[in-house]
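One structure below.
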Amino acid sequence: MRGLSASIVIHDEYRFLIDCGEGTQRQILQSGAGFKRLTRILLTHGHLDHILGLGGLMSTFLRWEAIDELDIFGGRPALDRVHDLLFGVVLRGRQPPMPLNLHEIKPGTFFEADDFTVSAFSVTHRGPGCLGYLFETKPRRPFLAETADRLGVPFGPERSDLVNGKSIKLENGKTIMPEDVLGPLQKGVKLVVVGDAGRTDDILETCRDADMLVIEATYLESEAEMAHQFSHLTARQAAELAVQAGVKKLVLTHISRRYREKDVLAEAQAVFPEAVVARDFDSHQVKRTG
Ligand SMILES: [Zn+2]
Ligand SMILES: [Zn+2]
């Protein structure tokens, strides 16, 4: 979302809300995304514009729609502040309406499912413990259905055996090996999400060859001095990072309300023509590019 700090990453049945700026629960209601499966929140850092929405979210859960569980991940300073906000301000002695887990994370992989991982990495911003998030699907070999048809592989569990690396025997006695019906290894899809950041050189390698980079661009170059002072990026800096890292798609967020979208786009696109500015309720699909 353009002004508000909150984005949702969806992969299969998994959802991750990244940051929770003020008003996030209203936006989620309006977008129809629903709260039910939104049980994991990843925080980039503890500044209020990234966590205040947790108060509204919690009071929504208290009043009507409790979810089964809520896991909040972040660096220690962000979690300490979230703890104060939720237990000190919102709950004030009441129990949270669901099991509420605050998970301190450090750079590295902290979530893994069958075919994808989520890792955290350090980002330089004001104060310690600021994190960015890297979503990667695992490399895989695609199943060549036409080849399997031609070889007479039946539709059934035989096909999943082959996908899982097991050879099968056909009724005519012929053995089919996984490599007979699996195509060449395809690299996974890589999505990098960076919240507020004061520099880009230390995240360049993490962003390398990403299919999509979502990153802040709070300022324009005309206010580069202020950007530096508050440890934020300009649209041009974000675009230069995208070029240096060879990313496929760039989505700019956290744009100051003082700017017009077209000015931000013009500055970024002069460097990286594929740049877009995130708008509320926008959805961007990350595609495998081989
Ligand atoms: Zn910040
Ligand atoms: Zn911020």
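The values are calculated or read from the model by the stated rules, or taken from the named source; none is laboratory data. These numbers come from a predicted model, not from an experiment. A quick note on method: Cβ atoms are made from the backbone with ideal geometry, for glycine too, and the neighbour counts reach across all protein chains shown.
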Considering each residue of the range 40-61, count those that are away from ligand 1 (no atom under 16 Å from the Cβ) and either hydroxyl-bearing (Ser, Thr, Tyr) or in contact with a helix residue (DSSP H, G or I) (Cβ under 8 Å, 6 or more places away or on another chain) (or both), and give that number.
-> 7
Determine whether the range 135-155 contains at least one residue that is within 30 Å of residue 200 (Cβ to Cβ), hydrophobic (A, V, I, L, M, F, W, C) and either within 16 Å of ligand 1 (Cβ to nearest atom) or under 35 Å from the mean Cα position of the chain (by Cα) (or both).
-> yes
Which numbered condition trips up residue 139, out of (1) touching a residue at least 40 places away in the same chain (Cβ under 8 Å); (2) farther than 20 Å from residue 115 by Cβ?
-> (2)
Restricting the range 52-84 to residues that are closer than 11 Å to residue 100 by Cα and β-branched (Val, Ile, Thr), which is modelled with the highest pLDDT?
-> 72
If you go through the range 115-126 one residue at a time, do you hit one that is touching a residue at least 24 places away in the same chain (Cβ under 8 Å) and touching a helix residue (DSSP H, G or I) at 6+ places or on another chain (Cβ under 6 Å)?
-> yes
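For every residue, the table says whether it meets (1) under 30 Å from residue 11 (Cβ atoms); (2) more than 16 Å from ligand 2 (Cβ to nearest atom); (3) surrounded by fewer than 13 Cβ atoms within 10 Å (Cβ to Cβ).
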residue	(1), (2), (3)
226	no, no, no
238	yes, no, no
241	yes, yes, no
253	yes, no, no
268	yes, yes, no
282	yes, yes, no
Considering only the range 156-180, how many residues are over 36 Å from the mean Cα position of the chain (by Cα) and either surrounded by 15 or more Cβ atoms within 10 Å (Cβ to Cβ) or under 30 Å from residue 216 (Cβ atoms) (or both)?
-> 2
Does residue 79 satisfy the criteria of being touching a residue at least 60 places away in the same chain (Cβ under 8 Å), under 20 Å from residue 108 (Cα atoms), in contact with an Asp or Glu (Cβ under 7 Å, 6 or more places away or on another chain) and among the hydrophobic types (A, V, I, L, M, F, W, C)?
-> no
Which residues, counting only those in the range 204-224, are in contact with a Leu (Cβ under 8 Å, 6 or more places away or on another chain) and within 16 Å of ligand 2 (Cβ to nearest atom)?
-> 214, 215, 216, 217, 218, 219
Output the residue which, of all residues in the range 1-10 that are among the aliphatic types (A, V, I, L, M) and within 16 Å of ligand 2 (Cβ to nearest atom), is modelled with the highest pLDDT.
-> 6
Looking only at the range 181-200, and only at residues there that are free of Cβ contacts under 8 Å to residues at least 60 places away in the same chain and loosely packed, with under 15 Cβ neighbours inside 10 Å, the one that is farthest from residue 144 (Cα to Cα) | 185
How many of the residues in the range 109-148 are within 27 Å of residue 47 (Cα to Cα) and either surrounded by 19 or more Cβ atoms within 10 Å (Cβ to Cβ) or touching a Ser or Thr at 6+ places or on another chain (Cβ under 6 Å) (or both)?
-> 18
Does residue 32 qualify as being away from ligand 1 (no atom under 16 Å from the Cβ), at positive phi and surrounded by fewer than 21 Cβ atoms within 10 Å (Cβ to Cβ)?
-> yes
